[in-house]
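The values are calculated or read from the model by the stated rules, or taken from the named source; none is laboratory data. Because the structure is predicted, anything quoted here is derived from the model rather than measured. A quick note on method: Cβ atoms are made from the backbone with ideal geometry, for glycine too, and the neighbour counts reach across all protein chains shown.
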Amino acid sequence: MIRYLHKEEMRYRMSIACHDTLADSDDLVAQDRCVSSNEPGDVRRTLLAESTIDFAAITVAVRTILKAVGEDPDRDGLLETPRRVAKMYAEMFSGLQQDPGRHLEVTFEESYDEIVLVRDIPFTSMCEHHLLPFRGVAHVAYIPNGRVTGLSKLARVVEEVSRRPQVQERMTQTIADLIEDRLCSRAVGVIIKAEHSCMSIRGVRKTGSLTVTSTMRGAFRSDPASRAELMSLINMPN
Ligand SMILES: [Zn+2]
């Protein structure tokens, strides 16, 4: 999906879903999806628009920050730093240019109607308040409604959603939304545990404290027995 155009100009362009046009078509896709959910995302793909991450602007900004904190951005050790940071941000925020839901477009008919859980999916994301990383694991579960997705696809969704500036609460909901929307499953549960650098290396400086967020949909929300079963699977020793 990523196309490198002019590397020497330190910028690249990617395709993203165009929000304006997608708003209307999303309704169509959503209606259609639960009926014939094995359709590839042609509609979504035809609505792809272009966006850019401006490497040059990030580079200039990092030089400005270095000067502002009293450093000399032209000293030997810092000369390449703005370029490295720009490259790092492009990687850390690559999810902004992607539609993680595309991984869930292909589903398979399956009569299995119990919990599917992929747990301990490691991720690193970026806190949008401080632009510092938060890292941890995500547990992603659903109860199929006649169709299943590939297990690795759930991990891919976590990976791409994590590559954005955000708060953990929204990340949890975003993953649940995507699965609920694309798989039309009977239940969706997403639990994320993470340590936030903005709490451990600055501010209150509490290393080791974990933040846990949870989003439950469908049967996991309405049926205590289903939710209890999910929690026991998540907490089951390896
Ligand atoms: Zn923070």
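General observations
- Meets criteria (modelled with pLDDT under 95 and over 15 Å from the mean Cα position of the chain (by Cα)) for Ser197: no
- Here Cys184, Cys198 are screened, and the one residue that is touching a Cys at 6+ places or on another chain (Cβ under 6 Å) and farther than 21 Å from Thr124 by Cβ is Cys184.
- Pair list, Cβ < 9 Å and 6+ apart or interchain, from region 196-207 residues that are more than 9 Å from the ligand (Cβ to nearest atom) to residues that are assigned to a strand (DSSP E or B): Thr207/Glu195
- Criterion violated by Gln168 - all others in (1) within 14 Å of the ligand (Cβ to nearest atom); (2) on the phi > 0 side of the Ramachandran plot satisfied: (2)
- Here the helices (runs of 4 or more DSSP H) wholly within region 22-138 that include at least 1 residues being at pLDDT 95 or above and either closer than 24 Å to Glu195 by Cα or within 16 Å of the ligand (Cβ to nearest atom) (or both) are 81-92.
- Selection within region 143-165 - out of contact with any strand residue (DSSP E or B) (no Cβ under 6 Å at 6 or more places or on another chain) and either among the β-branched types (Val, Ile, Thr) or on the phi > 0 side of the Ramachandran plot (or both): Gly146, Thr149, Val157, Val161
- Selection count, region 198-238, where residues are surrounded by fewer than 18 Cβ atoms within 10 Å (Cβ to Cβ), of a type in the set (Ser, Thr, Tyr) and not in a strand (DSSP E or B): 5
- Just one residue in the set Glu110, Glu195, Glu169 is in contact with a strand residue (DSSP E or B) (Cβ under 8 Å, 6 or more places away or on another chain), surrounded by fewer than 19 Cβ atoms within 10 Å (Cβ to Cβ) and under 30 Å from Thr52 (Cβ atoms); that residue is Glu169.
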